[in-house]
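This report concerns only the one structure given below.
Only the coordinates and a few stated rules stand behind these numbers; no lab work does. Note that the coordinates shown come from a computational prediction; the quantities given were computed from them, not determined experimentally. Methodologically, a virtual Cβ is constructed for each residue, glycine included, from the backbone with ideal geometry; neighbour enumeration extends over all protein chains shown.
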Amino acid sequence: MTPETILFVDDEDHLRLAARQALHLDDLDVQCFAEAGTALSHVARDFPGILVTDIRMPGMDGLDLMARALEIDPEFPVILVTGHGDVDLAVQSMRDGAYDFLEKPYAPARLISTVRRALDKRRLTLENRALRRQVGRRDTIEARLTGRSGIMTRLRDQIRAIAETEADVLIQGETGTGKEVAARALHRASPRGDKPFVHINCAALPADLIESELFGHEAGAYPGATRARFGKFEHARGGTVFLDEIDAMSQPLQAKLLTAIQNRTISRLGSNDPVELDVRFIAASKRDLEQAAASGDFRADLLYRLNVVTLRLPTLAERREDVPRLFAHLVAEAAARYKRPAPDIPGAVLDAVSARDWPGNVRELRNAADRFALGLALDIGTDTAGDAPDDTLAARLASHEKSLIAASLAANGGRLRDTYESLGLSRKALYEKMQKHGLSRDDFAEPD
């Protein structure tokens with residue numbers, strides 16, 4: 001169907017022909033049907049068109065067709081075509097959700113004007129839904145991937161840009177950086193967001209059952225397979241398959257996965273019949289897959305299929321300014337999860353949290369937040385595991401100073417007076433240091 005299609009239903013041939021000619025002459029796309037069932041199969045919540053139907057028809061009549069269409073989408077415009085004796089019935093139908101009605105015989109100009117008004121209404125409805133979805137998706141991404149650092153802002157922008165597409169995605173990042181969180185945010189922000197998200201940990205699947213788990217099997221495919229079973233790929237129909245730790249997958253299985261991604265079909269074990277796949281693939285790895293492909297540990301052709309778009313998740317060390325706010329966010333989440341009141345977080349704790357290295361990244365920080373929410377002592381000394389040999393003392397001191405100022409700003413909700421007093425600085429000195437480190441009070445202000 002082309003955009004803005006009119007579904008016209010009438011059991012009389014000459015009326016369908018006349019309607020088609022009139023609408024085509026006005027550059028409107030129309031599909032004509034002699035019975036209601038076929039027309040109903042085209043109606044969907046995102047269908048960019050309208051329905052025009054006669055009331056009196058054999059089988060499913062126009063009123064039943066309207067009721068079924070409005071069950072699919074209560075805002076779907078339905079125009080009823082009535083005989084002279086059906087006007088009262090048509091008026092009642094408008095109270096039941098019909099957009100308008102036409103009384104036979106109607107002039108072609110009346111048909112066209114009514115149809116165009118209904119199409120305008122449908123276009124506005126779909127545009128408003130798209131805007132609401134976009135706002136909701138932006139909120140979802142922001143809530144799942146918090147942080148005001150430049151690197152996190154760019155990551156969220158990347159996810160928003162690719163969410164509407166069908167491109168397969170590769171997510172790379174160290175342990176604990178939130179690869180699954182990013183995958184779920186991408187799924188929720190996509191048109192597939194209300195369909196299944198199937199998480200497959202490739203490192204945890206038993207080697208002797210992995211093919212059956214992914215592709216499914218027919219009864220008798222192997223000893224113990226007493227009945228047919230869908231695999232995880234089929235369970236994800238319409239949604240997203242998340243292949244976590246894909247670098248742990250064996251080479252033979254990589255070959256089969258490549259075929260499935262390339263052809264969007266699979267065959268269950270014990271069957272030669274292809275099964276169509278309507279899924280999006282997101283893969284994740286903590287290893288650099290380009291290096292793994294170069295060393296022969298990972299198939300290069302599979303890598304090229306997966307990394308249509310590559311997202312790289314930063315470590316906490318790369319976004320230290322996010323740590324205080326992220327810690328506070330995780331403490332609030334933990335308190336809600338454990339059904340406890342959210343505790344106040346002293347500035348000294350945020351200072352220490354910000355200054356500490358987090359080699360386990362967000363996962364390790366979340367564990368610390370859980371302990372704090374439960375009232376347990378935190379081991380958050382400022383000792384670091386060691387700095388890069390080419391990192392100068394001046395650079396390390398500057399980084400530490402920036403982290404401390406950011407932590408104090410976060411603890412004080414961006415209030416400058418409270419911040420410079422807690423740090424023992426003058427107002428002018430705080431301004432100069434904030435300018436030097438690229439810090440803005442707006443980034444730490446409490447939301448309204």
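Contact order for the chain, expressed relative to its length and based on alpha carbon pairs under 8 Å spaced 6+ residues apart, stands at 11 percent. Kirkwood analysis of segment 316-443, using all unique Cα-Cα pairs, places the hydrodynamic radius at 15.3 Å. Taking other C-beta atoms within 10 angstrom as a stand-in for reagent exposure, 198, 9 fall in the order 198, 9, fewest first. Shape annotation for segment 147-312: C-alpha extents along the principal axes are 55, 39, 26 Å, from largest to smallest. Compared with the dominant principal axis of the Cα atoms in the chain, helix 13-25 is inclined by about 50°.
Placing unit charges on the Cβ atoms of the charged side chains and taking the dipole of segment 147-312 about its Cα centre, the candidate lying farthest along the positive direction among 277, 262, 178 is 178. Per-residue ellipticity at 222 nm computed for the chain from its helices equals -14500 deg cm²/dmol, with DSSP H segments shorter than 4 residues left out and the rest contributing -39,500 (n - 2.57).
For the charge dipole of the chain, defined by +1 on Lys and Arg C-beta atoms and -1 on Asp and Glu C-beta atoms about the Cα centroid, which residue among 407, 36, 91 has the Cα displaced farthest towards the positive pole? Going by the Cα projections, it comes out as 407. Computed over the alpha-carbon pairs of segment 219-346, the distance histogram in 5 Å steps reads 2, 8, 14, 14, 12, 12, 10, 10, 8, 6, 3, 1, 0 percent, short to long. In units of the compact-protein estimate 2.2 N^0.38 Å, segment 198-262 shows a Cα radius of gyration of 1.11.
When the pairs 256/286; 286/436; 195/286 are compared against a 24 Å limit on Cα-Cα distance, 286/436; 195/286 fall above it.
Once you have the Kirkwood Rh of segment 5-128 from its Cα pairs, apply Stokes-Einstein at 37 °C and 0.692 mPa s and quote D in µm²/s.
After rounding, the answer is 232 µm²/s.
The convex hull around the C-alpha trace of segment 291-382, projected and averaged over every direction, spans 8.3 square nanometres.
Computing Rg and the Kirkwood Rh from the Cα coordinates of the chain gives a ratio, Rg/Rh, of 1.11.
The trypsin sites (Lys or Arg not before Pro) of segment 9-56 that meet both conditions, a loop assignment by DSSP and at most 11 other Cβ atoms within 10 Å of the site Cβ, are 45. Net charge of the neighbourhood of residue 63, taken over other residues with C-beta under 14 Å away and scored Lys/Arg +1, Asp/Glu -1, is -4. Ranked by the mean number of other Cβ atoms within 10 Å of their residues, highest first, the peptides 178-186, 343-351 fall in the order 178-186, 343-351. Ignoring aspartates and glutamates fewer than eight residues from residue 433 along the same chain, the ones with Cα atoms less than 12 angstrom from its Cα are 401.
Seen against the Cα atoms of the chain and their longest principal axis, helix 62-72 is set at about 0 degrees.
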